[in-house]
Amino acid sequence: MLREEADRILAELRDTERDWERFVISRETVVEVLAGPGHDHGAELAAAPVVEDLLSAPEPTPTPVPGPVVPVWCAGREVSALSADYQRLIAVLPAGGAVLSCKEFASTLGVQPVHSKIEGVRSKTNRLVAKDWLVKEPSGRFALAPGVPGGGS
């Protein structure tokens, strides 16, 4: 009975984390679109009454997004576009379509095999999945997305 409750809670936690990741990605996208160079969003924003209310409000103090921003992968983008931590994650993936679990990532990177450190690796790999650098298999293991350069030995 406790095992079933724990499984239910873990499933709910996974769903909540997925929703949170979607929110963060959406927020980053909105910031990128609104701050894009050469784009005049004034006409588009004026058409939306909710946005007009936001524009008349005092400008909020920008809050930094925690951690480095991961760019969306596209053809021609090199791994060097990522911060050093993310480059290391890409580099440890074996070439040839092999997959790694977060525990295997942590072990290969020399990270302590404790829950908090593995969850940190999981957070980064999920961010790479959200930005199309990696793919996550149903088993929870990660591999390079098709076309992404990189991969180690």
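Here the extension length gained between GLU21 and ALA35 equals 2.9 nm, from 0.36 nm per residue of separation less the Cα-Cα distance. Under a crude label model (7 Å from the Cα following the beta-carbon direction), how far is VAL111 from ARG88 in nanometres? Those two pseudo-labels are separated by 0.9 nm.
Seen from LEU93, the other residues with C-beta closer than 12 Å to its C-beta sum to a net charge of +1, counting Lys and Arg as +1 and Asp and Glu as -1.
Rule-based calculations on the coordinates, nothing more; no lab input. Only a predicted model underlies this, so the values are computations on that prediction, with no experimental measurement involved. For neighbour counting, all protein chains shown are included, and Cβ atoms are generated from backbone atoms with ideal geometry for every residue, glycine included.
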